[in-house]
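Engineer: Handing you this structure, nothing more for now.
The values are calculated or read from the model by the stated rules, or taken from the named source; none is laboratory data. All of these numbers come straight from a predicted model, not from anything done at the bench. Cβ atoms come from the backbone with ideal geometry, glycine included; neighbour counts cover every protein chain shown. With ligands, DNA and RNA removed, areas are computed over all heavy atoms of the protein, side chains included. Shrake-Rupley method; radii C 1.70, N 1.55, O 1.52, S 1.80 Å.
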Amino acid sequence: MSVQKTCVVIGASHGGVNFATALRKEGWEGAIILIDRDPEIPYHRPPLSKAYLTSTDGIEAYHLKSEESYIKDNVQLKLGVEVVSIDKENQQIILGDGTSQAYDKLVIATGARPIIPPIKGIQTAAHLYPLRTAKDVEDIRTALLNSVAKNVVVIGGGYIGLETAASLKKMGAEVTVLEREERILARVTAPEMSTFFQELHTANGVDVLTSKNVTAIETENGVNTVFCEDGTSYQAAVIVVGVGILVNTELAKNIGLTIENGIKVDATAKTSDDDIYAIGDCTYHFNPHYDRFIRLESVQNAVDQAKVAAAAICGKSPVYNALPWFWSDQYNVKLQMVGLSQGYNQVLVRKDEDLKFSIWYFKDDVLLAVDAVNNAKAYVIGTKFIKENKKIDKEKLIDTSVDFKPLNLLQS
Ligand SMILES: Cc1cc2nc3c(=O)[nH]c(=O)nc-3n(C[C@H](O)[C@H](O)[C@H](O)COP(=O)(O)OP(=O)(O)OC[C@H]3O[C@@H](n4cnc5c(N)ncnc54)[C@H](O)[C@@H]3O)c2cc1C
């Protein structure tokens, strides 16, 4: 008689949920137990700073899957439950209420949490929120609704901060973004793209201020004053903090799994323990396209690694070989990004129209990444050239009189 095995997944978000579905599809017959400290039915995270923030919908409109589909797939959801430790020797996890759950295979999909920077007064500020969970969004919406003054300071000019600023503006707030670096999106895009987004926000009535290092927050009668190193200060009824994330690696670290900028996994998403896999934002994994280990904060990566881990646990030999891609929506702009631009030494801009252009990042002759603004074609062509490692004719690329087709852009 075969003994049914149990696969436990810590983290029920993009990684964990897609993994559970994929594991069933691959033929796993044993139990699948999906655990998350968040009490909500798992939901899409990208809309939190976009459509969900501006809507009056409940989070059920953004569920990853219906409640019934977990039942149909025979996946047990344990929500509102914290995993506090892993007992590797006895193959079990320990939950916050002191109970334990045995596993044969364990998947860590614990993602990341927002950084709350050590700014003086941040812990006692009124209506200050990060933006990572549905509850954060509900708190922000409620605070804005209940506040007479509609001034909001967003600390951090990365994608989440900027998307949040655009959404809050749409909701009628007076928004100021304070970015510590000399330009917004400095870590992830070329100066040309930073300038574009800075102008876009300004045109939409959002103040995006750079070189603003926030040093203190003072709060009196529920009103915050945010102080910057340069002596300036800004009043805010609501503050949103979007300065980056910390990966949730503690559970893995405490049992001695290899950690390097995330939980280190091989091409099958396996950690340094044969029965433990890790997927999604919390992993540090090898990307063959760029020939190096990377950590990604992206839905697609969580889904790709989920599929690879499921296949591997079911005895197949999959190899992770995905090309990173991301997107961002702000006002009437859809930005699609493919590849990783780090290490570029040349940037070319193809300008089709004012609000339709693309930025191409090269290291010498090698195309590394493309950022496409309202230009799905540029995104598709860029993806093709990077994937196939083909050389592009740079002159033709920026010549908008050349019909924009892969064949026309091939270097002869
Ligand atoms: C506002 C916002 C906008 C975004 N926009 C985009 C976008 O446009 N495009 C894009 O590609 N990506 C976007 N992202 C990033 C994307 O959401 C993440 O890359 C994705 O959610 C990663 O999925 P994950 O499953 O690896 O981790 P997470 O989504 O972080 O999920 C991890 C889960 O693990 C749970 N958990 C952690 N530790 C424990 C524990 N000890 N016990 C129990 N449960 C635990 C957490 O509660 C959480 O639900 C956005 C993220 C945010 C916050």
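Engineer: Note down the relative contact order for the range 30-150 as a percent, whole number, built from C-alpha pairs under 8 angstrom at least six residues apart.
Structural biologist: 25 percent
Engineer: I'd like to know which of 84, 267, 51 lies farthest towards the positive end of the charge dipole of the chain, counting +1 on Cβ of Lys and Arg and -1 on Cβ of Asp and Glu.
Structural biologist: The residue sitting farthest along the positive end of the dipole is 267.
Engineer: Compute the semi-axes of the equivalent ellipsoid of the range 192-233, taking the square root of 5 times each eigenvalue of the Cα gyration tensor, and list them largest first in whole Å.
Structural biologist: Gyration-tensor ellipsoid for the range 192-233: 26, 13, 6 Å.
Engineer: With a probe of 1.4 Å, find how much accessible area the chain has per residue, and write the answer as a whole number in Å².
Structural biologist: 46 Å²
Engineer: Which of these, 359, 41, 255, has the largest mean-square fluctuation under a Gaussian network model of the chain (Cα springs below 10 Å)?
Structural biologist: 255
Engineer: What is the local net charge at residue 230, summed over the other residues whose Cβ is closer than 14 Å to its Cβ (Lys, Arg +1; Asp, Glu -1)?
Structural biologist: That works out to -2.
Engineer: Let me ask you something else. Where is the GNM fluctuation largest for the chain (alpha-carbon springs, 10 angstrom cutoff): 55, 298, 341?
Structural biologist: Of 55, 298, 341, the most mobile in the Gaussian network model is 55.
Engineer: Is the shape of the range 1-97 rounded, prolate or oblate, going by the alpha carbon gyration tensor and its root eigenvalues a ≥ b ≥ c, with a/c under 1.5 for rounded and a/b larger than b/c for prolate?
Structural biologist: In terms of gyration-tensor shape, oblate.
Engineer: Amide H to amide H, which residues 5 or more places from residue 277 or on other chains are under 5 Å from it, using H placed in the peptide plane?
Structural biologist: The answer is 106, 107, 108, 271.
Engineer: Amide H of residue 287 versus every other amide H placed in the peptide plane: which residues, excluding those fewer than 5 positions away on the same chain, fall under 5 Å?
Structural biologist: The list, which skips near neighbours in sequence, is 292, 293, 294.
Engineer: To the nearest Å, what is the center-to-center distance of the range 90-163 and the range 208-237, using C-alpha atoms only?
Structural biologist: Answer, in whole Å: 21.
Engineer: Put +1 on the Cβ of each Lys and Arg and -1 on the Cβ of each Asp and Glu in the range 332-409; which of 345, 398, 370 then has its Cα farthest toward the positive end of the dipole?
Structural biologist: Result: 370, furthest along the dipole toward the positive end.
Engineer: To continue, here is another question. Taking H as built 1.01 Å from N, whose amide H comes closer than 5 Å to the amide H of residue 245, not counting residues under 5 places away?
Structural biologist: Placed amide hydrogens put 115 under 5 Å from residue 245.
Engineer: If you don't mind, another one. Do any GluC sites (Glu not before Pro) in the range 131-195 lie in a DSSP loop with no more than 14 other beta carbon atoms within 10 Å, and if so, which?
Structural biologist: 182
Engineer: Taking a ≥ b ≥ c as the square roots of the eigenvalues of the Cα gyration tensor of the range 127-255, is the shape rounded (a/c under 1.5), prolate (a/b larger than b/c) or oblate?
Structural biologist: In terms of gyration-tensor shape, rounded.
Engineer: Hey, another quick one. Applying the Karplus parametrisation 6.51 cos²θ - 1.76 cosθ + 1.60 with θ = phi - 60° to the phi angles of the range 304-316, what ³J(HN,Hα) value in whole Hz is obtained for each residue in order, glycine and proline being reported as x?
Structural biologist: In residue order, the calculated couplings are 4, 5, 4, 5, 5, 5, 4, 5, 5, 5, 8, x, 8 Hz.
Engineer: With contacts defined as alpha carbon pairs under 8 Å and 6 or more residues apart, what's the relative contact order of the range 332-409 in percent?
Structural biologist: Reported as a whole number, the value is 28 percent.
Engineer: Using every pair of alpha-carbon atoms in the range 47-192, split the distances into 5 Å bins beginning at 0 and state the percent of pairs per bin, rounded to integers.
Structural biologist: Values per bin, smallest distances first: 2, 7, 13, 16, 15, 14, 11, 10, 8, 4, 1, 0.
Engineer: To the nearest 20 debye, what is the magnitude of the charge dipole of the chain about its Cα centre, counting +1 on the Cβ of each Lys and Arg and -1 on the Cβ of each Asp and Glu?
Structural biologist: 760 debye
Engineer: Highest GNM mean-square fluctuation, the chain, Cα pairs closer than 10 Å: which of 72, 377, 264?
Structural biologist: Highest fluctuation among the options: 72.
Engineer: When only Cα pairs under 8 Å and 6 or more residues apart are kept, what is the percent relative contact order across the range 122-243?
Structural biologist: Contact order relative to length: 36 percent.
Engineer: I need the per residue convex hull volume for the chain, using only the alpha carbons, in cubic angstrom as a whole number.
Structural biologist: Dividing the Cα hull volume of the chain by its residues yields 158 Å³.
Engineer: Using the Karplus curve 6.51 cos²θ - 1.76 cosθ + 1.60 with θ = phi - 60°, work out ³J(HN,Hα) for each residue of the range 34-41 in order, rounded to whole Hz, and write x for Gly and Pro.
Structural biologist: After applying 6.51 cos²θ - 1.76 cosθ + 1.60, I find 10, 10, 8, 6, 6, x, 6, 4 Hz.
Engineer: Let me ask something else. Tell me, what HN-Hα J-couplings in whole Hz come from the Karplus equation 6.51 cos²θ - 1.76 cosθ + 1.60 at θ = phi - 60° for each residue of the range 238-243, using x for Gly and Pro?
Structural biologist: Rounded to whole hertz, the list is 10, 10, 10, 9, x, 10.
Engineer: Here's a follow-up. What's the local net charge at residue 109, with K and R +1, D and E -1, over the other residues with C-beta under 11 Å away?
Structural biologist: So the surrounding residues net to -2.
Engineer: Round to a whole number: what % of the accessible area of the chain belongs to carbon and sulfur, probe 1.4 Å?
Structural biologist: It is 49 percent, rounded to a whole number.
Engineer: Restricting to the chain, what percent of DSSP beta bridges are antiparallel, rounded to 5?
Structural biologist: Approximately 60 percent, going by the DSSP bridge assignments.
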